[in-house]
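Q: Pasting a structure below so you can have a look.
The values are calculated or read from the model by the stated rules, or taken from the named source; none is laboratory data. Since the structure is predicted, the reported quantities are computational estimates derived from the model, not experimental observations. Backbone-built Cβ (ideal geometry, glycine too); neighbour counts: all protein chains shown. Remember, those area values only see protein heavy atoms, side chains included, never the ligands or the DNA or RNA. Shrake-Rupley method; radii C 1.70, N 1.55, O 1.52, S 1.80 Å.
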Amino acid sequence: MVKESQKIVAVDQDIPVIDMSLERSRVSMQIVKACETIGFFKVVNHAVDPDVTSRMEQESINFFAKPVLEKKSVFGYGLKDIGLKGDVGEVEYLLFHTNPLVLSQLSFGNESTNSAVTCYVEAVKQLACEILDLTAEGLGLPPHTFSKLIRAVDSDSVLRLNHYPSSDQFLSGAKLSDMSVSLPRVGFGEHTDPQILTVLRSNEVGGLQVAFPDGRWVSVSPDPSAFCVNVGDLLQVMTNGRFISVRHRAVTTEHASRLSTAYFAGPSVHAKIGPLPAIITAADQPRLYRTFTWADYKKFAYSLRLGANRLDIFRSCVDDEHDDELGSNKRL
């Protein structure tokens, strides 16, 4: 259960909701502000076709309703006890790379399913690119500074379908009248996302919570018509700490399963990531992080406990960029 020291604020009026249909410069500044203060926001009027999202949700429902043995035969499927490296909980998931070649060879459904996934990936990728382009504009950076990293042919972006069992499924025969049923239980422990940006959508069952800088955990109200956007570790590094890689978690509190679909926008594994010189110059501050490749960071990040602060080891301790990179490789 969620610890007493981690009480939840039941409302989320402090979470920014950004209307993508507003004037472009206004939207870009709202995104920058949200990334600086919380590292998390919702987007509405995002131009993603509702038919695309509804088809994807239905295919997820169909897949997770299949017999366990059938699901286990699909590459990328897993049922993980997050208690192994984080808080106690369990999540059933399907993870696959979004490279077009991989998508064309999907095996977890029929032709209609594969089409639904392909359309969804393309739609959320375009949304992620638009958000990153607006972010670059708001920071006064050249166009496509960030989005070119996930538009690359060898972009290491992935899509993850999550199924969180309802609270009563954790209780091994406990009666529904038991008081503990109504208490929140961790489905996916506290963590940050290591990639650049995450674009997330869920069904009408709540459970997502984000940590505010003042220590509050705020529950995000479910809205299937909106997308939630998380700043990831790499974007925090590239902005030299100006943006916040948001800590978040998922809990189960109701007698209904929660489904979420997360697009993790990542660069090529060979891409070098470090604070952008323009950001450092504009802020007139020293660089806070060393330069590293996404491959190195990814390997390191997934070797740690779920809730670990991964970026600490990549804090800059030298000024020379070449030595910086060498130092990163030596530490890894």
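Q: Residues of the stretch 259-299 being among the aliphatic types (A, V, I, L, M) and at positive phi, which ones?
A: None; the set is empty.
Q: Could you look through the stretch 87-99, keep only residues that are modelled with pLDDT under 70 and out of contact with any Asp or Glu (no Cβ under 7 Å at 6 or more places or on another chain), and pick out the one that is most open to solvent (accessible area, probe 1.4 Å)?
A: Val88
Q: Oh, and also: Note down all Cβ pairs under 6 Å where the first residue falls in the stretch 116-129 and is more than 11 Å from Asp49 (Cβ to Cβ), the second is assigned to a helix (DSSP H, G or I) and basic (Lys, Arg), and they're at least six residues apart or on different chains.
A: From the stretch 116-129, the pairs are Ala116/Arg55.
Q: Separate question: Among the residues of the stretch 259-273, write down those that are open to solvent by 10 Å² or more (accessible area, probe 1.4 Å) and either assigned to a strand (DSSP E or B) or farther than 26 Å from Glu122 by Cα (or both).
A: Answer for the stretch 259-273, where residues must be open to solvent by 10 Å² or more (accessible area, probe 1.4 Å) and either assigned to a strand (DSSP E or B) or farther than 26 Å from Glu122 by Cα (or both): Leu259, Thr261, Phe264, Lys272.
Q: Out of the stretch 17-69, which residues are open to solvent by less than 90 Å² (accessible area, probe 1.4 Å), closer than 21 Å to Ala116 by Cβ and among the acidic types (Asp, Glu)?
A: Asp49, Glu57, Glu59
Q: Still on this model: Can you name the number of the only condition in (1) part of a loop (DSSP other than H, G, I, E, B); (2) at pLDDT below 95 that Val102 fails?
A: Checking Val102 against (1) part of a loop (DSSP other than H, G, I, E, B); (2) at pLDDT below 95, the one that fails is (1).
Q: Please return the ranges of strands (runs of 3 or more DSSP E) entirely within the stretch 161-258 where 2 or more residues are at pLDDT below 85.
A: Counting at least 2 such residues, we get 185-191, 248-252.
Q: Also, I was wondering about something else. Is it the case that the stretch 244-266 has a residue that's touching an Asp or Glu at 6+ places or on another chain (Cβ under 7 Å) and of a type in the set (D, E, K, R)?
A: Checked against the condition, which is being touching an Asp or Glu at 6+ places or on another chain (Cβ under 7 Å) and of a type in the set (D, E, K, R), the stretch 244-266 yields at least one hit.
Q: List pairs: first in the stretch 298-320 and among the acidic types (Asp, Glu), second at pLDDT 90 or above and assigned to a loop (DSSP other than H, G, I, E, B), Cβ under 9 Å, 6+ apart or cross-chain?
A: Asp319/Pro286; Asp319/Arg287
Q: Which one of these is hydrophobic (A, V, I, L, M, F, W, C), out of contact with any strand residue (DSSP E or B) (no Cβ under 7 Å at 6 or more places or on another chain), modelled with pLDDT of 85 or more and more than 16 Å from Gln236 (Cβ to Cβ): Ala301, Ala308, Ala283, Ala295?
A: Only one candidate qualifies: Ala295.
Q: Quick test for you: out of Tyr263, Tyr289, pick the one residue that is among the hydroxyl-bearing types (Ser, Thr, Tyr) and free of Cβ contacts under 8 Å to residues at least 60 places away in the same chain.
A: Unique residue meeting the criteria: Tyr289.
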